[in-house]
1. Being at pLDDT 90 or above and surrounded by fewer than 19 Cβ atoms within 10 Å (Cβ to Cβ) is the filter here; which residues of the stretch 334-351 pass it?
2. Has the stretch 49-68 got at least one residue that is assigned to a strand (DSSP E or B), modelled with pLDDT of 75 or more and open to solvent by 20 Å² or more (accessible area, probe 1.4 Å)?
3. Any residue at all in the stretch 235-248 that is over 22 Å from the mean Cα position of the chain (by Cα) and open to solvent by less than 70 Å² (accessible area, probe 1.4 Å)?
4. Looking for something among the acidic types (Asp, Glu), at pLDDT 90 or above and open to solvent by 10 Å² or more (accessible area, probe 1.4 Å) - is there at least one such residue anywhere in the stretch 157-173?
5. Restricting attention to the stretch 249-290, which residues are more than 21 Å from Asn224 (Cβ to Cβ), open to solvent by less than 60 Å² (accessible area, probe 1.4 Å) and at pLDDT 90 or above?
6. If a residue must be buried (at least 21 other Cβ atoms within 10 Å of the Cβ) and assigned to a strand (DSSP E or B), how many such residues does the stretch 69-87 contain?
7. Based on what the data block shows, is Ser130 in contact with a His (Cβ under 9 Å, 6 or more places away or on another chain) and within 26 Å of Gly64 (Cα to Cα)?
8. Can you work out which of the residues in the stretch 176-200 that are open to solvent by 40 Å² or more (accessible area, probe 1.4 Å) and in a strand (DSSP E or B) is farthest from Asn224 (Cα to Cα)?
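The values are calculated or read from the model by the stated rules, or taken from the named source; none is laboratory data. Owing to the predicted nature of the structure, the values given are computational and were not obtained by experimental measurement. Neighbour counts are summed over all protein chains in view; Cβ atoms, including those assigned to glycine, are modelled from backbone coordinates with ideal geometry. We work out accessible area using only protein heavy atoms, side chains counted, and drop any ligands, DNA or RNA first. Shrake-Rupley method; radii C 1.70, N 1.55, O 1.52, S 1.80 Å.
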Amino acid sequence: MLRWLIGGGREPQGLAEKSSVQTIGEEQIQNPYTELLVLKGHQDIVRFLVQIDDCRFASAGDDGIIFLWNAQTGEKLYELHGHTHKITAIAPFSSSDGTEGKTDLIITASADRTVIVWDCTSGRQVQKVSCFHSTVKCLTVLQRLNVWLSGGSDLCVWNRKLVLLCKTSHLTDAGISALVELPKNFVAAAVGKELIIFRLSASNNGSEGWNVLEVKRLVDHQDNISSLVSVSDLIFVTGSHVGELIVWDALDWTKQASECNFWDSSVHPDVQPEIKLSQSPNETSVQHLTSDEECVFAAVGKGIYVYNLQMKRVIACQRTAHDSSVLHIEKLPNRQLISCSEDGSVRIWELREKQQLPAEPVPTGFFNMWGFGRANKQANQAAKKMQENTPMYFLELVGDLIGHSSAVQMFLYFGELGLATCSADHLIILWKDGERESSLRSLALFKKLAQNGDLQLKL
């Protein structure tokens, strides 16, 4: 059962309201997050969480305010005011200087067409820029070059002191929606359906001058690119609003693989088919992508999918992971995934290998169900052999965190400190390991009693 440590949260959604295929009861043996802290302060939708270090994070949203929090205690460290409209992007920027040492900064962009750099140690505003002609939609820090990029109607390159080094000419009114760093000082920018490759270069004459040059445009997507993630120095991946996932070579920008049938049950025979006349954009859109070196984890519509990069196919999926669109997904250091949704829930999944029986039949199509022809028999044997040599996986629901009353926008994983979630209900929740927190309280109480005992003995 969940224990509320700080009051003021709205009533948790009842499990009876859930209509998804999988449900989980109150006895969630593998779910450690049995305590929660409710953090108040925001006056509107909280859309962004960004980690500053091992125990601090920042939150921002539609009220234009940025809060800095302690992930261990839930203490509000700073309340940062400087924007007049909603926050549209936020990024951490830890910078090293020979004289000042390491400085923890965050950069925020707003619909008021300004960008502000904040000092996380003092909570003070370091610098503010108001020269933008449109809203900045994304920010990316290139730590290796000690610069950062802002994407809107154009691409701008800045140093840590907010000096503009260079910029592109006006791209489109829609502007850049996402950016990802590529090897050898290249950057990929999502602009509508197109993926534009830019090259950054410093001037050779020793001056502060920089150049940004458009190198190539990739037009393989059929609809607007909605998600962009770097897997390694060799691979990056994009996803679109119509459910396309494309794997790209990060060095020569060629297409290595693609998947565009996430919602098609014939492609994923393990999934119960659904009869629908058409799919709405929300049901097929790739809302978020994350990855490790082996797989890409995609939030597509209401479902989550595990795409193996070596096999170039989906190896596990939950088509109805939540009742509404999945907005954010992350892979934990173990074999677990966490997803959050518009339905207000946060769910924990474990990727497990299926135990297959040697004599398990392998369907390879509609006609093969009736055993038509010798060719079908041979095909069945070939498919059966392939299945025996290929491990099969499934996603099992092992935890269901019900605390928010509206759409959960995203979350941050802090290891043993727990999980931070933000929502349209204006709240942030810190989910804690109940056993660990109870042990810490018992230890603190024991130390206090021991200290009191020593004091009495001295008296």
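1. Selection gives Gln336, Glu350, Leu351.
2. Yes; the residues of the stretch 49-68 include at least one that is assigned to a strand (DSSP E or B), modelled with pLDDT of 75 or more and open to solvent by 20 Å² or more (accessible area, probe 1.4 Å).
3. So far as the stretch 235-248 goes, no, none of its residues is over 22 Å from the mean Cα position of the chain (by Cα) and open to solvent by less than 70 Å² (accessible area, probe 1.4 Å).
4. no
5. Result: Asp249, Ala250, Thr254.
6. As a first pass, look at the stretch 69-87 and keep what is buried (at least 21 other Cβ atoms within 10 Å of the Cβ): 69, 71, 80, 83, 87.
Imposing the further condition that a residue be assigned to a strand (DSSP E or B) reduces the set to 69, 80, 87.
Residues flagged as buried (at least 21 other Cβ atoms within 10 Å of the Cβ) and assigned to a strand (DSSP E or B) within the stretch 69-87 amount to 3.
7. Details: in contact with a His (Cβ under 9 Å, 6 or more places away or on another chain): no; within 26 Å of Gly64 (Cα to Cα): yes.
No, not satisfied.
8. Arg199
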